[in-house]
Amino acid sequence: MDSFKSLVRVIMTPSTPTFIIGGLIVLLFPILVHLFLARSRTYTVLPSVLLVGPSNAGKTALTTLLERRTGTPSDTHTSQTSATVELAIDEARTEPYTTDLDATGATATKFLLIDSPGHGKLRGAQALERLTPDATKNAKLKAVVFVVDAATLSEPEVLADTAAYLYEVLLRLQKRMSVGKTSKTPETIPVLVAANKMDLFTALPAKLVKSNLEKELGRIRRTRSKGLLDSGVGADEIGGGDGDEADDWLGEYGSDEFRFDQMREFDIQVDVEGGSVLGEKANVDKWWSWIGDKL
Ligand code: GDP
């Protein structure tokens, strides 16, 4: 008690150290508060949606359409780098993408749409890197939209190329969920296969886009496991259902056919919806409301 009294006496007695310490507290406190607030603000990251898919599917055209909200986007050139646009969707999720939310004054949820280049070499480097557990967490990635050109998907090379890319995307998301099993399970990232160019008469309907992709993904899965067999991995290891083989197997392990539904085992929802970015009337409403649901 005595020592407390003497401490109070020292503080209350005007002296140079008291003035200096008091002055420093008065000066530094607002600066520290400012630094703290400024720091926490830079950590407010908007949720994001990643746009992937082979080149020429319509990713850039879709980004431009959603950004401008109206009109026919001008012809796009192949995107070599990722472009990010900030978009807003109304809180009630009832407005179409064409509504100018600033003008109506509606409360909006802001998010980032990240376009990524679809060329073979750039694919691995840029888009797939965004699907690692750390990258998805940092970018607050809420959903992946995989754009497909439904008008050329009946061509075997296009189907093979598209499915190979989709396989990589789904496998990364699947692995991401398995990594989390030991610690906290990461938030699930659903995938929308956006079957684009429905305005063209050659376009396959969404149902066929789905079944064709499932068949091709199944074929890729078989080829991959056969590749492992040929490379000398013992049959026991494969039959055991663990080890590398099980890690690289997309969907339900050991199943004959691949179905998108099998991704639910890993808590990953995959939907296929048709739409068109260009054409007489652009129609991306289903994709827009799907995205709204996931934010
Ligand atoms: P990206 O490589 O995936 O970014 O594809 P782009 O956005 O550059 O589009 C490739 C080409 O497809 C462009 O010539 C677009 O004008 C065209 N395109 C995109 N969406 C549609 C669509 O819905 N219908 C039609 N007919 N053409 C489209």
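A few points about this structure:
- Among (1) in contact with a Phe, Trp or Tyr (Cβ under 8 Å, 6 or more places away or on another chain); (2) exposed (fewer than 10 other Cβ atoms within 10 Å of the Cβ) - the single one V52 does not satisfy: (2)
- Leading residue by the ranking (farthest from L62 (Cα to Cα)) among those in the stretch 274-287 that are crowded, with 19+ Cβ neighbours inside 10 Å and not small (G, A, S): W287
- The single condition from (1) at pLDDT below 85; (2) away from the ligand (no atom under 16 Å from the Cβ) that T76 fails is (2).
- Complete set of residues in the stretch 161-216 that are acidic (D, E) and assigned to a helix (DSSP H, G or I): D161, E168, E214, E216
Conditions tested, residue by residue: (1) modelled with pLDDT of 90 or more; (2) away from the ligand (no atom under 13 Å from the Cβ).
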| site | (1), (2) |
| --- | --- |
| T16 | no, yes |
| I20 | yes, yes |
| F29 | yes, yes |
| L37 | no, yes |
| T42 | no, yes |
| L51 | yes, no |
| G58 | yes, no |
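- Scanning the stretch 229-244 for residues that are surrounded by fewer than 18 Cβ atoms within 10 Å (Cβ to Cβ) and either modelled with pLDDT of 90 or more or not small (G, A, S) (or both) turns up L229, D230, V233, D236, E237, D242, D244.
- Residues in the stretch 197-210 that are away from the ligand (no atom under 13 Å from the Cβ), surrounded by 14 or more Cβ atoms within 10 Å (Cβ to Cβ) and of a type outside the set (A, V, I, L, M): K210 alone.
- Count of residues meeting criterion [touching a Leu at 6+ places or on another chain (Cβ under 8 Å) and either free of Cβ contacts under 8 Å to residues at least 60 places away in the same chain or within 16 Å of the ligand (Cβ to nearest atom) (or both)] in the stretch 279-295: 5
- Enumeration of residues in the stretch 133-149 that are within 13 Å of the ligand (Cβ to nearest atom) and under 16 Å from V270 (Cβ atoms): V145, F146, V147, V148
The values are calculated or read from the model by the stated rules, or taken from the named source; none is laboratory data. This structure is a prediction, so every number in the text was calculated from the model and none was measured. Positions of Cβ are generated from backbone atoms using ideal geometry, with glycine treated the same way; all protein chains shown enter the neighbour counts.
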